Amino acid sequence: MSYYQKSSQQVLDELQAQKGGLTTAEADQRRAKVGPNKLREAEKDSVIVRFFKQMNDPMTIILIVAAVISGVTALYANESFADVIIILAVVIINAALGVYQEGRAEKAIEELQQMAASTSRVLRNGTVEILKSEDLVPGDIVLLEAGDAVPADGRILECVSLKIEEAALTGESVPVEKTTEALGGEDIPLGDRRNMAYLGSVVAYGNGRMVVTGTGMDTEMGKIADVLAQAGSGQTPLQRKLSELSRILTYLVVGICVLMFGFSIFRAGTVNMETMIDLFMVAVSLAVAAIPEGLATVVTIVLSIGVTNMSKRNAIIRRLTAVETLGCAQIICSDKTGTLTQNKMTVTEHFGPDEKLLATAMSLCCDVETSASGELVGDPTETALVVYADKLGLSRAQLDANLPRVGEAPFDSVRKMMSTLHKSEGRVVQFTKGAPDVILGNCSAWWENGEQKPMTDAKRQEIMDGNKAMADKALRVLAVGMRWYDALPASLAPEDIEEELCFIGLVGMIDPVRPEVKDAIVECRSAGIRPVMITGDHLDTAVAIAKELGILEDKSGALTGAMLNNISEEELHRDIEKYSVYARVQPEHKVRIVDAWRAKGYVTAMTGDGVNDAPSLKRADIGVGMGITGTDVTKNVADMVLADDNFASIVGAVEEGRRIYDNIRKAIQFLLASNMSEVLSVFTATALGFTILRPVHLLWINLITDCFPALALGVEEAEKDIMKRKPRSPSEGILARGLGAGVAYQGVLITVLTLAAYFIGHYMESGVWEIAESPDGITMAFLTMSMAEIFHSFNMRSQTQSVFKVDGHNKALWIAFFASLFSTIAVIYVPFLANAFQFEPVSFAEYMVAMLLALSVIPLVEIVKAFMRMSDKD
């Protein structure tokens with residue numbers, strides 16, 4: 001028999017489990033046998049396969065072909081194999097670095113997944129504990145409530161209005177109402193097994209408990225895990241733009257190489273095989289010079305480092321696209337509770353003649369559990385109510401013992417209330433807690449001096465005045481009523497029991513504003529980002545908090561959900577910019593708000609924690625899930641998860657996103673300008689009939705001299721005005737905002753310096769100003785180009801600000817500077833390296849001339865920057 005055909009007790013017996021849960025020792029023993037509750041992941045390529053995949057690139061293949069031809073030539077002419085060895089060494093080192101970085105990126109993603117790992121409420125050792133879902137074993141008792149992702153397969157033991165959405169498994173979007181009864185019949189379809197819950201499904205309504213029957217690959221989801229594991233990760237928009245740029249560069253370079261090869265043959269007239277090979281190597285030199293081999297690696301590493309840095313600032317990035325989009329954010333729609341405030345509610349005021357009864361009702365009408373450590377586990381508002389009662393000497397444990405719960409109607413955001421029913425001296429008492437206006441609307445009496453009295457208009461107004469008095473102080477107000485029965489009602493449907501209530505009283509509680517949020521709001525506004533508050537609280541409460549934070553100046557900028565219902569889509573899209581606060585909203589309102597802002601062309605971030613927030617998070621440009629209070633559903637659809645549920649962390653992530661994008665732009669400009677200088681130098685020299693740099697020289701510059709400074713630019717600190725700029729457009733191209741012009745003039749500048757070094761070197765060697773082959777000229781050109789690009793990396797610390805006024809010190813850039821400096825000196829002056837690279841050691845005077853030419857790139861770029869700053873002021 002299958003689990004769904006057996007009674008709850010039979011299933012427990014078969015699994016050797018009990019309703020109080022397993023002990024830690026039992027769970028450990030079972031996990032040792034069945035393994036962790038994880039699906040099998042897709043098989044990863046071996047290191048060797050990854051290594052050869054790194055070589056599956058057109059430009060790398062061209063280099064390998066060049067090495068082979070060079071090797072054949074060297075063998076034929078009985079010459080040194082230095083060129084072959086150097087080219088292949090560079091290819092191998094580049095591939096090895098790629099494999100290493102790929103491994104680092106995977107490790108970083110795994111660490112972030114661990115940080116965002118889903119958790120479950122489990123009965124262990126007789127108490128409720130919050131455990132990682134991967135630690136579950138068969139026989140564990142799991143508590144389920146609305147918004148939870150079901151963490152394993154299980155048999156339902158208890159349920160109250162429990163409905164589970166199983167679309168991931170069955171394709172049926174309508175939630176299935178669950179039962180505890182055994183089912184008859186054989187081979188019942190999965191979608192009809194109403195007493196089972198399955199991994200991958202989501203609790204849509206109600207609550208319940210289940211005993212785990214299967215974990216990991218032994219679940220229904222595990223049967224299709226091989227299909228699921230094949231999902232791959234895509235590129236970010238920036239990476240796609242870079243891939244397109246690389247493709248264009250490749251076509252351009254191949255065309256230029258063919259043209260130059262043909263032109264050289266035409267000019268040479270009759271050529272032999274050796275000349276043909278030399279001309280081919282010149283064309284290869286041009287190709288090597290034009291392609292920024294390290295660009296893709298640099299961008300990937302910078303993004304990887306940025307994501308890790310964001311996680312340290314409590315922003316866990318689930319999709320790389322979010323890193324780029326964060327830098328464009330113009331609107332941040334934020335929940336109030338726990339994000340703008342501390343989520344530590346405290347009851348400070350009450351309204352009603354019997355505070356003891358009020359506290360008793362509030363404490364009992366809560367879904368709060370006590371963990372093994374003695375901490376209260378549950379909604380912060382409900383936790384505050386239990387603490388409130390406890391301070392009056394009404395402990396929750398004692399109340400539960402005296403008035404045991406026998407039924408309930410769980411809370412939902414539509415009704416805005418919940419009800420619990422308890423045994424009391426042979427009768428049943430019902431407590432209904434919720435929004436004051438809703439509770440009051442369902443009350444026909446009020447409680448005073450131990451008896452019920454008919455509700456009057458005057459009393460109703462007095463209660464409403466009491467509610468407003470608390471709300472005006474920015475207190476969150478809840479009301480509670482009660483109802484008596486002789487026996488438990490046959491129907492516990494909300495519409496049947498939540499009427500004819502007796503009003504008991506109100507409590508007002510405050511959730512203090514997070515101290516760091518005020519500064520974050522100011523920073524938001526200076527960065528051109530508009531904060532918008534969304535809350536389910538009363539309008540007066542929302543307005544008071546918003547004014548305190550600086551989100552709102554006038555109450556006219558606030559809307560309620562009811563008001564929103566009366567506004568057409570056209571009106572909302574037209575007037576959306578008028579409103580900064582939305583109170584008493586329901587989840588579907590969030591979708592309308594997001595759509596309205598996006599329709600206006602704003603890049604919008606939206607926070608959410610409940611299962612019903614998932615649609616609005618999906619609809620937003622950046623969906624932000626809550627790591628503490630958020631359900632698994634919202635975390636899974638979010639682009640970013642806040643580990644601390646703090647609004648300031650969103651602002652910090654925006655700053656980090658801007659910094660990352662800025663630094664990637666700096667690295668791109670640096671690398672493209674360097675490559676342009678190489679192309680122009682080789683092209684000019686070839687056109688004039690002399691060799692300025694060989695392929696191995698260009699490879700050295702691209703992969704050794706350039707890569708380290710480019711990576712160092714990737715960890716540059718944020719510029720001091722980064723959060724004072726307006727958000728960039730998401731459609732902005734890579735070469736926008738002067739980057740293309742910067743690449744052009746800087747590339748030409750370094751070309752001129754390199755050519756000058758060659759001719760000066762030839763003059764200092766021969767004493768003649770002429771266009772001719774020159775060993776000293778080649779060495780000086782290499783030294784000048786290498787060092788000019790190293791010095792130029794300091795220029796790139798800011799695209800407009802003077803290098804001498806940039807805040808902070810980039811230690812990584814200084815390390816890259818000295819590493820590149822010493823390696824460049826080594827290949828010129830260490831004999832066996834100089835011979836391999838065919839360098840002629842230059843004199844001290846020649847060395848100093850080359851260095852001064854290289855160093856001049858800093859003052860020359862400084863002059864251009866000064867003109868740029870002057871034009872910006874005008």
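Exactly one residue among Asp632, Asp644 is surrounded by fewer than 23 Cβ atoms within 10 Å (Cβ to Cβ), over 27 Å from Glu732 (Cα atoms), touching a Pro at 6+ places or on another chain (Cβ under 9 Å) and at pLDDT below 90, and that residue is Asp632.
Check Val386, Val368 and return the single one that is more than 30 Å from Gly714 (Cα to Cα), open to solvent by less than 20 Å² (accessible area, probe 1.4 Å), touching a Cys at 6+ places or on another chain (Cβ under 7 Å) and of a type in the set (A, V, I, L, M, F, W, C).
Val386
For the range 520-557, a residue qualifies if it is free of Cβ contacts under 8 Å to residues at least 40 places away in the same chain, small (Gly, Ala, Ser) and open to solvent by 10 Å² or more (accessible area, probe 1.4 Å), and the qualifying residues are Gly550, Ser556.
Applying the criterion of being of a type in the set (Gly, Ala, Ser) and open to solvent by less than 10 Å² (accessible area, probe 1.4 Å) to the residues of the range 788-812, the residue that is nearest to Val857 (Cα to Cα) is Ala788. Here Glu570 passes the criteria (1) open to solvent by less than 20 Å² (accessible area, probe 1.4 Å); (2) more than 26 Å from Val641 (Cα to Cα); (3) part of a helix (DSSP H, G or I); (4) modelled with pLDDT of 90 or more except the one numbered (1).
If you go through the range 655-712 and keep only what is among the acidic types (Asp, Glu) and surrounded by 22 or more Cβ atoms within 10 Å (Cβ to Cβ), you end up with Glu656, Glu678, Asp706. The set of residues in the range 424-446 being over 17 Å from Asp367 (Cα atoms) and either of a type in the set (Lys, Arg) or touching a helix residue (DSSP H, G or I) at 6+ places or on another chain (Cβ under 7 Å) (or both) consists of Arg427, Pro436, Leu440, Trp446. In the set (1) in contact with an Asp or Glu (Cβ under 8 Å, 6 or more places away or on another chain); (2) not in a strand (DSSP E or B), the condition left unmet by Gly505 is number (2). Which of the residues spanning the range 416-463 are among the β-branched types (Val, Ile, Thr) and open to solvent by 40 Å² or more (accessible area, probe 1.4 Å)? Passing the criteria: only Thr456. Say whether the condition of being open to solvent by 50 Å² or more (accessible area, probe 1.4 Å), among the β-branched types (Val, Ile, Thr) and under 29 Å from Gly738 (Cβ atoms) is met by at least one residue in the range 755-777. Taking every residue of the range 755-777 in turn, none turns out to be open to solvent by 50 Å² or more (accessible area, probe 1.4 Å), among the β-branched types (Val, Ile, Thr) and under 29 Å from Gly738 (Cβ atoms). Of note, Gly742 satisfies the criterion of being over 27 Å from the mean Cα position of the chain (by Cα), buried (at least 20 other Cβ atoms within 10 Å of the Cβ) and at negative phi.
Quick grid of which residues meet (1) charged (D, E, K, R); (2) within 30 Å of Thr308 (Cα to Cα); (3) in contact (Cβ under 8 Å) with a residue 12 or more places away in the chain; (4) in contact with a His (Cβ under 6 Å, 6 or more places away or on another chain):
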{"site": "Glu569", "(1), (2), (3), (4)": "yes, no, yes, no"}
{"site": "Val581", "(1), (2), (3), (4)": "no, no, yes, no"}
{"site": "Arg584", "(1), (2), (3), (4)": "yes, no, yes, no"}
{"site": "Lys600", "(1), (2), (3), (4)": "yes, no, yes, no"}
{"site": "Ile622", "(1), (2), (3), (4)": "no, yes, yes, no"}
{"site": "Gly627", "(1), (2), (3), (4)": "no, yes, yes, no"}
{"site": "Asp644", "(1), (2), (3), (4)": "yes, yes, yes, no"}
{"site": "Ala648", "(1), (2), (3), (4)": "no, yes, yes, no"}
{"site": "Glu655", "(1), (2), (3), (4)": "yes, yes, yes, no"}
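Hey, among the residues in the range 195-219 that are in contact with a helix residue (DSSP H, G or I) (Cβ under 8 Å, 6 or more places away or on another chain) and more than 27 Å from Arg319 (Cβ to Cβ), which one's modelled with the lowest pLDDT?
By that ranking, first place goes to Asp218.
Is one or more of the residues making up the range 326-348 open to solvent by less than 50 Å² (accessible area, probe 1.4 Å), closer than 30 Å to Ala596 by Cα and part of a helix (DSSP H, G or I)? The answer is yes; a qualifying residue exists.
Mind checking whether some residue in the range 275-283 is in contact with a strand residue (DSSP E or B) (Cβ under 7 Å, 6 or more places away or on another chain), modelled with pLDDT under 80 and open to solvent by 30 Å² or more (accessible area, probe 1.4 Å)? No, the range 275-283 contains no residue that is in contact with a strand residue (DSSP E or B) (Cβ under 7 Å, 6 or more places away or on another chain), modelled with pLDDT under 80 and open to solvent by 30 Å² or more (accessible area, probe 1.4 Å).
Please determine whether any residue of the range 858-867 is out of contact with any Pro (no Cβ under 9 Å at 6 or more places or on another chain), of a type outside the set (Val, Ile, Thr), surrounded by fewer than 16 Cβ atoms within 10 Å (Cβ to Cβ) and farther than 28 Å from Val748 by Cβ. No, the range 858-867 contains no residue that is out of contact with any Pro (no Cβ under 9 Å at 6 or more places or on another chain), of a type outside the set (Val, Ile, Thr), surrounded by fewer than 16 Cβ atoms within 10 Å (Cβ to Cβ) and farther than 28 Å from Val748 by Cβ.
Can you name the condition, by its number, that Thr691 falls short on among (1) in contact (Cβ under 8 Å) with a residue 60 or more places away in the chain; (2) closer than 27 Å to Phe818 by Cβ; (3) more than 32 Å from the chain's Cα centre (by Cα)? Exception for Thr691: condition (2). One residue is enough: does the range 19-39 have a residue meeting the conditions open to solvent by less than 60 Å² (accessible area, probe 1.4 Å), under 16 Å from Ala197 (Cα atoms) and outside any helix (DSSP H, G or I)? Yes, that holds for at least one residue.
The values are calculated or read from the model by the stated rules, or taken from the named source; none is laboratory data. Small disclaimer: the values here were computed from a predicted structure and weren't measured. Here Cβ is always computed from backbone atoms with ideal geometry, including for glycine, and neighbour counts include all displayed protein chains. The area values use the complete protein model at the heavy-atom level, side chains included, leaving out ligands, DNA and RNA. Shrake-Rupley method; radii C 1.70, N 1.55, O 1.52, S 1.80 Å.
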